[in-house]
Every structure is written in structure tokens, then in C-alpha cells.
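The values are calculated or read from the model by the stated rules, or taken from the named source; none is laboratory data. Bear in mind the structure is a predicted one, so any value in this text is a computation, not a measurement. Here Cβ is always computed from backbone atoms with ideal geometry, including for glycine, and neighbour counts include all displayed protein chains. Protein only, heavy atoms only, side chains kept; ligands, DNA and RNA dropped before computing areas. Shrake-Rupley method; radii C 1.70, N 1.55, O 1.52, S 1.80 Å.
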Protein chains: 2
Amino acid sequence: MKVSIELKKVVDNSYDITIDTLPELTYETKVAVVTNTKVAGLHAEYLLRRLHAKELYIITLQDGEEYKNQESLETILETLFNHKFNRSSLLIAFGGGVIGDMTGFAASIYQRGIDFVQIPTTLLSQVDASVGGKTGINNKYGKNLIGAFYQPKAVYIDAHFLKTLPKREFAAGVAEIVKMAVTFNAEFFEFLETADLSDEENLKRAIRSSVETKARVVSMDEKEKGVRAALNYGHTFGHVIEMQTGYKKFLHGESVAIGMVMANRLAVRLGLLTQEQEQRIKAVLERYDLPTTYAIPDAEEFYEAFFLDKKSTDTKIKFILPRGIGNVEIVDDVSKEDVLAVLREFEAK
Amino acid sequence: MKVSIELKKVVDNSYDITIDTLPELTYETKVAVVTNTKVAGLHAEYLLRRLHAKELYIITLQDGEEYKNQESLETILETLFNHKFNRSSLLIAFGGGVIGDMTGFAASIYQRGIDFVQIPTTLLSQVDASVGGKTGINNKYGKNLIGAFYQPKAVYIDAHFLKTLPKREFAAGVAEIVKMAVTFNAEFFEFLETADLSDEENLKRAIRSSVETKARVVSMDEKEKGVRAALNYGHTFGHVIEMQTGYKKFLHGESVAIGMVMANRLAVRLGLLTQEQEQRIKAVLERYDLPTTYAIPDAEEFYEAFFLDKKSTDTKIKFILPRGIGNVEIVDDVSKEDVLAVLREFEAK
């Protein structure tokens, strides 16, 4: 005999992303702000002036992608246990993508899930990572290999935090902005070809367009079973680059920039992108001094590393390739020869 | 300005629970069976005769609640990484509640979520733990404090496995059956007062009624925001008993049995349950030699331990109390005096 569990229902995980000066935030519960030493030093006071909670805790982690690991996760969880956080308590992620991803994951597994809010402080996390509910940590096998889809209750994006952002980190954020434009919005790409993003109005427009694109894509496909995978443009190659360089040589956005250049080469080879379009994308990345090449130690080895990537199925690798500018294709039948040919162009001599 | 992420949609996590001889199971993907040494020794061959997969791995953990921890979780995850499991791979939980909870949690966080199937082998996991998607691990702060709500794709309940179950573990399963009856089904309770569960037909009826009750409650309230909390009857007290005895002295179902007796005392004190009803419930537990008392070392300390329980909000403890037999109330305004008075009745002299 069969007994059915009926779990078909309407679930509403909708939330608002506020792009504005951080408003007053008042919570009648225990709140823990998770941040890193650098962000705390620069911006804790700005946040605390606007944040009111019944009990407030601040968890300060080391800064850097290499701390996006099990140990940091346990540091967060230990604090919550020590202070008897419960299901009505709240976490606030206050920092870049690393802090956001770890805080979201901690919120998702603490007592089977408590609420969290994102206050991203880097351009990259404002335009991409803080929106959409992907959370996780890295391990020795790769990036974000342990994690959950878990949506925040709200996201607050305040350009104030970008004033102190180093030029290199700003550029890394631009890489994800370029990604959104190339894959989904040709007009936005044209804007990026000429606009000066050091101008605050231009920057806000770029943030808004990126967030709107991301929001639209995530609304269509929260769990990345289809179109959302297109936002991994540049990431399939980029993740391997990050893994091979120990997450140290390149910022995430930088390896994505190189990854987009590699994906574009493949797209040109397969007739999806013209050489002129390829050059235009590269030119935008170069405007922000983003790296556009990486000396692959061994093309075969690089190829093998794709297969642990979450986006690959048992035997196929999914490549996200631009079809012209403003359109994108998810292709899972590229021949090994074509991929290796592209990888060999980047191979260290 | 605000950008909204629209994530309101129909989600269908429904699945079937098959109560029958295990059918042939064929999967075209990588499959890892997670089990423990005891279950593997007794039943691996029975399972493997019916299970076919593209690639099959067997992960064998130590048997016991004390192994429901981060280390075992990492053992599972390491195997998946080593064998390059990806998002289309499958986990099968083959064992009792400990194996089911850990396997489900591993499935929920591996690459942000892969499918899993439950094949419970103990009475307790067949009637309760395998159904409903609660997953997690224990840590030094308590039980299931790290975890997720994550539904299996299917549950297969085969009474064959119960033939080898030690009497004490069988009784621990009966405790959860009694819980379902007392809280939701008076007629089922009357059946349990007289039926001999060593008779296979009676046992199957009890399993079916329990699973149907659980399925109904979970369908109404998957994330335990309301009525599902009623299934924690006996658990609020029981969890503290388990914690205080290091998860070693009592099986989970045994501490739930004691917990129900304690909850009943409180219910009698508050006028929700008559002494006659209290005696009837105790008599059913005693029919299966379940323990019904525990010498509390210190009533105040026991009381304090409630506050880390997931079911408590910042300042209130939620008690699940039977209102007669077949009905249940979730009460969060019991005075400390009333609770302490009950705890003192159980205090070690």
C-alpha cells in the first residue's frame, strides 16, 4: 500500500532589495551581525548607528576567500549556541560575498533554519552574490560545494560602503556587472562600454540594472534547474582557475573575467559569437584593468577539473556561452576536442 | 528604490511512502547507500538483491546515536566528493533514524542539494523519523541542533527488517506510535491498549496508522510553524533527559516515553488530562516495558536546559500537552512554578 505525503503548496519566499541609504533597522529579537575585521573597522559604526535589537552580538571573522570554510562556519554556529539563539533570532550578513554566503548557510542549518538579512558592502556582493539565496562554503574539493538554496528576508544595498572599496575589488564587482549585461541585456552592455562608473549616478544605474537582471532570472528559476545557470557565464572556467591558484592569486570577479574571456573563445570557435563581439567584451573588462588571461599549467588537467563542478552532470560539462551580446546559451554537447583546443591557447608555454 | 524578488510559486515536494516488500529499485545514476555496520551485517544482501544503479557505493558508519555528529556527516560528504557525485546523483538512507537524519542532511547540503530516498529499518524510523523531512545532526549543545527541512523523494517501509530488531528497540518504536495515537487518534489508542503488536497484521496496521497520521500533520505544516509541533509530545522533556544522560542510557523512544509521562503529569496538573487517562497511557507504555521514570538530578537545571530547545522562543517554553486522549494542545504560558512542581516529583532523592 502507498501513503502519499501531499506537499504541493504555494510557497512565498519573496523579498525586497532596497537600493538606498541604509534605513533604521529595529528588531525585537536576538540579532547577530556576521562581518569581517576589515568591514568592521571601516563600517561597523555606520551600521550600528542604524541598527537596534533586543540583544546584539557581533561575530568578526578574518577577511578573505580562504576563510570561507567549515571552521568559520563553526565559529558562527558556536556563537549562536553559546548565546542560545533560537528559531526567532536573526542573522545579518555584513560584508562581501564570502560573509554573505557563510552567514546565509549558517542561518539555513542553525536549528533547521532561522531568518537572515543581507547588507552587502562590496560591489560584487551588491550586484550579484547578495541576491538570490545561494549560500555555502568552500572545501579542498572546490568552491561552494557545501551549501543550500536559502533566501534572505531582505537585502539592503547602500552605495556608501563602496567609497572605501579598493580599486581592484571594485573592478572585480564590475566583472559580474559585465556578466549580467553580456548574458541578458545588450543595451546595458552598450552603456557599460562608455559610461564612467566612478560617477555615482552611473554606478547606481549599473547596480540597479544588475540587481534587476539577477532578480528576474532568480524569480524564473530559483534552484538553477534552467535559465539561472546562465549566470554562471565565466564561472565554469573561473572556478577551475580559482582552485588551481588556491583562491589566492585572483579575486573571484577577476577569475570570472578570465573565465568569460575563455568562454568567449569557445563561443567564437563554435560560431556563437563574432570576433568583433569578443573584442568588445574584452575591451570593457580591460577598461577596469581586469585580468583577461591565465597561464593554464596543463590543458588536460584543467579539463578534468570541470567534472567536479556542480554544473556538470555525470558525463557532460555545461558551458554557458554568449550568443551574440545580450543572449546566452547553455550548451552541454561541446566536444572535448573543441574545449581542449581553447584551453591549449591559454596553456603556459 | 526597491527591487522585488518574486519567489511566490507552487512547490511540489510530494512523495509516496510505500508500505510493502521492498520493490526492485533501478537508478541510472551514481548511488550511495548510507548505512551502519549492524544493518549492513543483517540486511545489506536483502537490499542489494533489489537495488540496481549505474555506480553503487556503500558508506558504512558506526551504529549509535553518539555517531550522529559532524564527523559522520563529513565521512559521508568526503565519499561523495571522492567519487565525484554531482547534482543528479542519489543517496539512500538505509537504517534507523540516525542514518536517515544524517543522510538527509548530507543530501540537503551536498552541492546545495541532491535527491535522497529513505529505507528505514527500525520501527521508530518506519513510523516516524523517515517521514516528513526533518534532517540533522547532534552536537554538544543538544539533539538535531544543526539540520534542515529536506524531503526525501520516496520512502520504502518493509516490515521484513523488523524481524531482527531487538525487543528494546522495537519498544522504542512503539513509544512513537503511542505518541501519534495520544495526540491525534483516540480510536488508534484504544487499538494499542489491547492489540498484540507481535502479530504481523496488527503491526502493519499500527505502522500504517502512524504513517498516515504523520503524513497528514506534515502535509498541513511542513516547517513546524504550527500543528506539527504537536508531534514533539514527550520530546521537550525527552531531549533534556537524553542530553543529561549523554545519549547513552536511553534509546530515543525510551526518553520520549519518559517525556510523555512527564508531560502527562503537567497536563493533569493543568486540568487537561484526567488521572485515569494518564494511567491508561502509562499502562500502554508499560505493556512494552518502556521506562516511565527518570531521576532528575536537579529540577532547576533541568528547567534551564529547556531554553536551548528549538521549540522554545526567546523567553517561553512550548509544552505539548494531551487534552484528553486523541487531542493535543501547544501551550506556551505554563508558569515556572507548575513546571518545577512536576520536575520535583521526578527529582532524585
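For B:ALA215, indicate whether it is open to solvent by less than 20 Å² (accessible area, probe 1.4 Å) and free of Cβ contacts under 8 Å to residues at least 12 places away in the same chain. Give the steps one after another, and end with the answer.
Working: open to solvent by less than 20 Å² (accessible area, probe 1.4 Å): yes; free of Cβ contacts under 8 Å to residues at least 12 places away in the same chain: no.
It is false that B:ALA215 is open to solvent by less than 20 Å² (accessible area, probe 1.4 Å) and free of Cβ contacts under 8 Å to residues at least 12 places away in the same chain.
Can you name the number of the only condition in (1) under 21 Å from A:GLN126 (Cα atoms); (2) open to solvent by 10 Å² or more (accessible area, probe 1.4 Å); (3) in contact with a helix residue (DSSP H, G or I) (Cβ under 8 Å, 6 or more places away or on another chain); (4) assigned to a strand (DSSP E or B) that A:THR21 fails?
Single failed check for A:THR21: (4).
When region A:218-251 is examined, which residues are found to be crowded, with 24+ Cβ neighbours inside 10 Å and charged (D, E, K, R)?
A:GLU242
Tell me the residue from A:GLU300, A:GLU304, A:GLU286, A:GLU254 that is within 24 Å of the chain's Cα centre (by Cα), assigned to a helix (DSSP H, G or I), modelled with pLDDT of 95 or more and surrounded by fewer than 20 Cβ atoms within 10 Å (Cβ to Cβ), please. Full working, then the answer.
Values: A:GLU300 fails: within 24 Å of the chain's Cα centre (by Cα); A:GLU304 fails: modelled with pLDDT of 95 or more; A:GLU254 fails: surrounded by fewer than 20 Cβ atoms within 10 Å (Cβ to Cβ).
Criteria check complete, one pass: A:GLU286.
So which residues in region A:58-76 are buried (at least 20 other Cβ atoms within 10 Å of the Cβ), touching a residue at least 60 places away in the same chain (Cβ under 8 Å) and not in a loop (DSSP other than H, G, I, E, B)?
Those that are buried (at least 20 other Cβ atoms within 10 Å of the Cβ), touching a residue at least 60 places away in the same chain (Cβ under 8 Å) and not in a loop (DSSP other than H, G, I, E, B): A:SER72, A:LEU73.
Could you tell me which of the residues B:GLY238, B:GLY234, B:GLY253 is free of Cβ contacts under 8 Å to residues at least 40 places away in the same chain and among the small types (Gly, Ala, Ser)?
On the way: B:GLY234 fails: free of Cβ contacts under 8 Å to residues at least 40 places away in the same chain; B:GLY253 fails: free of Cβ contacts under 8 Å to residues at least 40 places away in the same chain.
Exactly one residue qualifies, and that residue is B:GLY238.
Only one of these is at pLDDT 95 or above and within 30 Å of B:GLY147 (Cβ to Cβ): A:GLY142, A:GLY147, A:GLY132. Name it. It would help to see each step written out before you state the result.
On the way: A:GLY142 fails: at pLDDT 95 or above; A:GLY132 fails: at pLDDT 95 or above.
That would be A:GLY147, the only listed residue that is at pLDDT 95 or above and within 30 Å of B:GLY147 (Cβ to Cβ).
Answer with yes or no whether B:ARG168 is within 9 Å of another protein chain (Cβ to nearest Cβ), over 28 Å from B:VAL331 (Cα atoms) and open to solvent by 20 Å² or more (accessible area, probe 1.4 Å). Can you show your working first?
Working: within 9 Å of another protein chain (Cβ to nearest Cβ): no; over 28 Å from B:VAL331 (Cα atoms): yes; open to solvent by 20 Å² or more (accessible area, probe 1.4 Å): yes.
Against the criterion (within 9 Å of another protein chain (Cβ to nearest Cβ), over 28 Å from B:VAL331 (Cα atoms) and open to solvent by 20 Å² or more (accessible area, probe 1.4 Å)), B:ARG168 does not qualify.
Has region B:198-221 got at least one residue that is more than 14 Å from chain A (Cβ to nearest Cβ) and either closer than 24 Å to B:GLU276 by Cβ or of a type in the set (S, T, N, Q) (or both)?
Scanning region B:198-221, I find at least one residue that is more than 14 Å from chain A (Cβ to nearest Cβ) and either closer than 24 Å to B:GLU276 by Cβ or of a type in the set (S, T, N, Q) (or both), so the answer is yes.
Anything in region A:163-218 that is out of contact with any Pro (no Cβ under 9 Å at 6 or more places or on another chain) and among the hydroxyl-bearing types (Ser, Thr, Tyr)? List them, or say none.
We begin by selecting, within region A:163-218, every residue out of contact with any Pro (no Cβ under 9 Å at 6 or more places or on another chain); these are A:163-181, A:184-218.
Across region A:163-218, the qualifying residues are A:THR164, A:THR194, A:SER198, A:SER209, A:SER210, A:THR213.
Conditions first: (1) within 14 Å of chain A (Cβ to nearest Cβ); (2) over 21 Å from the mean Cα position of the chain (by Cα); (3) assigned to a strand (DSSP E or B). B:HIS52 passes all but one, so which condition is the exception?
All conditions are met except number (1).
Do we find that B:THR79 is of a type in the set (Val, Ile, Thr), open to solvent by 20 Å² or more (accessible area, probe 1.4 Å) and not in a loop (DSSP other than H, G, I, E, B) in this structure?
Details: of a type in the set (Val, Ile, Thr): yes; open to solvent by 20 Å² or more (accessible area, probe 1.4 Å): yes; not in a loop (DSSP other than H, G, I, E, B): yes.
Spelling it out, B:THR79 is indeed of a type in the set (Val, Ile, Thr), open to solvent by 20 Å² or more (accessible area, probe 1.4 Å) and not in a loop (DSSP other than H, G, I, E, B).
Scan region A:10-21 and give yes if some residue there is more than 7 Å from chain B (Cβ to nearest Cβ), farther than 15 Å from A:GLY104 by Cα, within 27 Å of the chain's Cα centre (by Cα) and at pLDDT 95 or above, otherwise no.
Pass one, region A:10-21, residues more than 7 Å from chain B (Cβ to nearest Cβ): A:21.
Adding the requirement that they be farther than 15 Å from A:GLY104 by Cα leaves A:21.
Checking which are within 27 Å of the chain's Cα centre (by Cα) leaves us with A:21.
Remaining after also requiring at pLDDT 95 or above: none.
No, region A:10-21 has no match at all.
I'd like to know if region A:273-290 contains one or more residues that are on the phi > 0 side of the Ramachandran plot and in contact (Cβ under 8 Å) with a residue 40 or more places away in the chain. Reasoning before the result, please.
Within region A:273-290, the first condition is being on the phi > 0 side of the Ramachandran plot, and the residues that meet it are A:289.
Adding the requirement that they be in contact (Cβ under 8 Å) with a residue 40 or more places away in the chain leaves A:289.
Yes: region A:273-290 contains one or more residues that are on the phi > 0 side of the Ramachandran plot and in contact (Cβ under 8 Å) with a residue 40 or more places away in the chain.
Which residues, taken from region B:130-149, are closer than 20 Å to B:THR75 by Cβ and either buried (at least 22 other Cβ atoms within 10 Å of the Cβ) or in contact with a Lys or Arg (Cβ under 8 Å, 6 or more places away or on another chain) (or both)? It would help to see each step written out before you state the result.
Let us first name the residues in region B:130-149 that are closer than 20 Å to B:THR75 by Cβ, namely B:135-140, B:143-148.
Of everything in region B:130-149, those that are closer than 20 Å to B:THR75 by Cβ and either buried (at least 22 other Cβ atoms within 10 Å of the Cβ) or in contact with a Lys or Arg (Cβ under 8 Å, 6 or more places away or on another chain) (or both) turn out to be B:THR135, B:GLY136, B:ILE137, B:ASN138, B:LYS143, B:ASN144, B:LEU145, B:ILE146, B:GLY147, B:ALA148.
Conditions (1) facing chain B (nearest Cβ under 7 Å); (2) in contact with a strand residue (DSSP E or B) (Cβ under 6 Å, 6 or more places away or on another chain), marked per residue:
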{"position": "A:LEU90", "(1), (2)": "no, yes"}
{"position": "A:PHE94", "(1), (2)": "no, yes"}
{"position": "A:PHE105", "(1), (2)": "no, yes"}
{"position": "A:ARG112", "(1), (2)": "yes, yes"}
{"position": "A:ASP115", "(1), (2)": "no, yes"}
{"position": "A:ILE119", "(1), (2)": "no, yes"}
{"position": "A:SER125", "(1), (2)": "no, no"}
{"position": "A:ILE137", "(1), (2)": "no, yes"}
